[in-house]
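The values are calculated or read from the model by the stated rules, or taken from the named source; none is laboratory data. All values reported here derive from a predicted model rather than from experimental measurement. Cβ placement follows ideal geometry from the backbone for every residue including glycine, while neighbour counts extend to all protein chains displayed. Side chains included, ligands, DNA and RNA excluded: accessible areas come from the protein's heavy atoms. Shrake-Rupley method; radii C 1.70, N 1.55, O 1.52, S 1.80 Å.
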Amino acid sequence: MTVPLLHVEGLVRDYTLPRPHLFAAAAKLRVLHGVSLSVPHGGSLGIVGESGSGKSTLARSVLVLERPQAGSVKLNGMDLFALTPSELRAARRHIQAVFQDPYGSLDPRMRAGRIVAEPVASLEPQVHAAARRERVLAMLNAVGLPGTAAGKYPHEFSGGQRQRIAIARALITGPALVVADEPVSALDVSVQAQVLALMRDLQQRLGLAWLFISHDLAVVRGITAEVAVLYRGRIVEQGPTAEVFRAPLHPYTQALVAAVPRPGQPSPGQPPPGQPRRAAAAWTETAPPPDGCAYAPRCRFVQARCQQQRPALTAAGGRAAACHFPLG
């Protein structure tokens with residue numbers, strides 16, 4: 001059996017909320033509820049969902065920037081949370097990130113060449129300066145920037161060029177997996193298309209795997225082969241991207257797809273069908289969260305069973321959905 005490049009199993013992440021007063025019980029907010037997923041070597045998995053669904057928390061956990069309460073993150077079979085600090089430092093060469101804001105993710109006091117070279121200087125200190133500079137120039141060329149860009153500061157570039165610098169920085173150590181958290185949402189639509197085309201090309205040329213996180217279904221449709229739909233910290237549907245968006249099995253996925261504007265049609269409006277979204281309920285040890293489907297308060301197909309029993313993510317025919325009464 002082939003070991004996937006990335007395997008996330010049963011990831012649980014809680015945050016402790018501020019106490020309303022000194023003697024109140026500490027309340028917790030569960031942002032990830034046992035999330036499991038895999039990304040094959042050279043593959044691409046999209047994570048979609050509305051704000052507050054846990055997408056960025058998942059990204060930070062995969063990058064070992066936050067430690068979960070339960071679960072594991074394995075890269076090539078290595079449990080990243082079980083590694084020593086020195087072992088984790090070595091493993092970081094193989095998993096890198098591209099973040100949302102190309103304006104905030106680059107140090108304005110550093111020239112582009114130094115920004116791109118920073119991971120090599122930190123993770124591969126044995127590489128001497130001349131070889132490091134050669135790698136920087138080669139990587140800038142790979143993302144469509146001239147070698148002269150190495151001597152410029154971030155404010156001298158456009159938003160799309162800054163994100164290309166961020167991509168070059170992520171790729172210079174030769175990672176097998178790149179976690180991209182909303183990497184084009186801060187860019188103009190025309191620039192988005194150019195950066196996405198670059199990311200697809202880099203995947204094919206370098207054999208990269210992408211974990212691509214976005215709220216924009218059109219972006220995910222254009223770059224990923226598989227997609228997982230996240231709702232309140234749970235995967236409610238997963239499968240091939242084209243099939244999931246063509247014929248959703250979960251009512252929440254159907255609502256997301258229906259909310260995408262289409263040329264020549266009236267705007268579908270912002271909120272998905274059903275009741276307005278409410279913040280996830282906090283809980284304590286003496287008052288755990290209720291059972292039932294988390295989407296039930298908003299679902300137009302809700303039945304009594306949905307409010308009493310939480311549906312499991314059930315696989316069938318290459319697809320999976322957490323719904324008692326899947327569509328289709």
Failed condition for LEU63, given (1) over 16 Å from LEU211 (Cβ atoms); (2) touching a residue at least 24 places away in the same chain (Cβ under 8 Å), with all others met? (1)
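Would you confirm, using the coordinates I've provided, whether GLY77 is of a type outside the set (A, V, I, L, M), under 25 Å from VAL229 (Cα atoms), modelled with pLDDT under 95 and open to solvent by 60 Å² or more (accessible area, probe 1.4 Å)?
On the way: of a type outside the set (A, V, I, L, M): yes; under 25 Å from VAL229 (Cα atoms): yes; modelled with pLDDT under 95: yes; open to solvent by 60 Å² or more (accessible area, probe 1.4 Å): no.
So GLY77 does not fit the description; no.
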Could you check how many residues of the stretch 103-123 are of a type in the set (Phe, Trp, Tyr) and in a helix (DSSP H, G or I)? 0
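Find the residue count for the stretch 124-156, including only residues that are open to solvent by less than 70 Å² (accessible area, probe 1.4 Å) and not in a helix (DSSP H, G or I). Steps first, please.
Start the filter on the stretch 124-156 by keeping residues that are open to solvent by less than 70 Å² (accessible area, probe 1.4 Å), which leaves 124, 127, 129-132, 136-140, 142-145, 147, 149-151, 153-154.
This time we only want the ones that are not in a helix (DSSP H, G or I), so: 124, 127, 143-145, 153.
Total meeting the criteria: 6.
Counting only residues that are among the aliphatic types (A, V, I, L, M) and either closer than 18 Å to VAL184 by Cα or surrounded by fewer than 22 Cβ atoms within 10 Å (Cβ to Cβ) (or both), how many does the stretch 209-236 have? Steps first, answer last, please.
Applying the first criterion (among the aliphatic types (A, V, I, L, M)) to the stretch 209-236 yields 209, 211, 213, 217-220, 223, 225, 227-230, 235-236.
Now drop any that are not either closer than 18 Å to VAL184 by Cα or surrounded by fewer than 22 Cβ atoms within 10 Å (Cβ to Cβ) (or both), which leaves 209, 211, 213, 217-220, 223, 225, 227.
Final tally of qualifying residues: 10.
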Can you give me the number of residues within the stretch 297-328 that are closer than 24 Å to ALA27 by Cα and within 25 Å of the chain's Cα centre (by Cα)? 1
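For LEU187, indicate whether it is open to solvent by 10 Å² or more (accessible area, probe 1.4 Å) and either closer than 26 Å to GLY54 by Cα or modelled with pLDDT of 95 or more (or both). Break it down stepwise before answering.
Details: open to solvent by 10 Å² or more (accessible area, probe 1.4 Å): yes; either closer than 26 Å to GLY54 by Cα or modelled with pLDDT of 95 or more (or both): yes.
Yes: the conditions hold for LEU187.
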Taking LEU88 as the residue in question, decide whether it is surrounded by 14 or more Cβ atoms within 10 Å (Cβ to Cβ), farther than 21 Å from ALA225 by Cα and in contact with a strand residue (DSSP E or B) (Cβ under 6 Å, 6 or more places away or on another chain). no
What do you reckon, is GLU50 farther than 19 Å from PRO4 by Cβ and surrounded by fewer than 17 Cβ atoms within 10 Å (Cβ to Cβ)? no
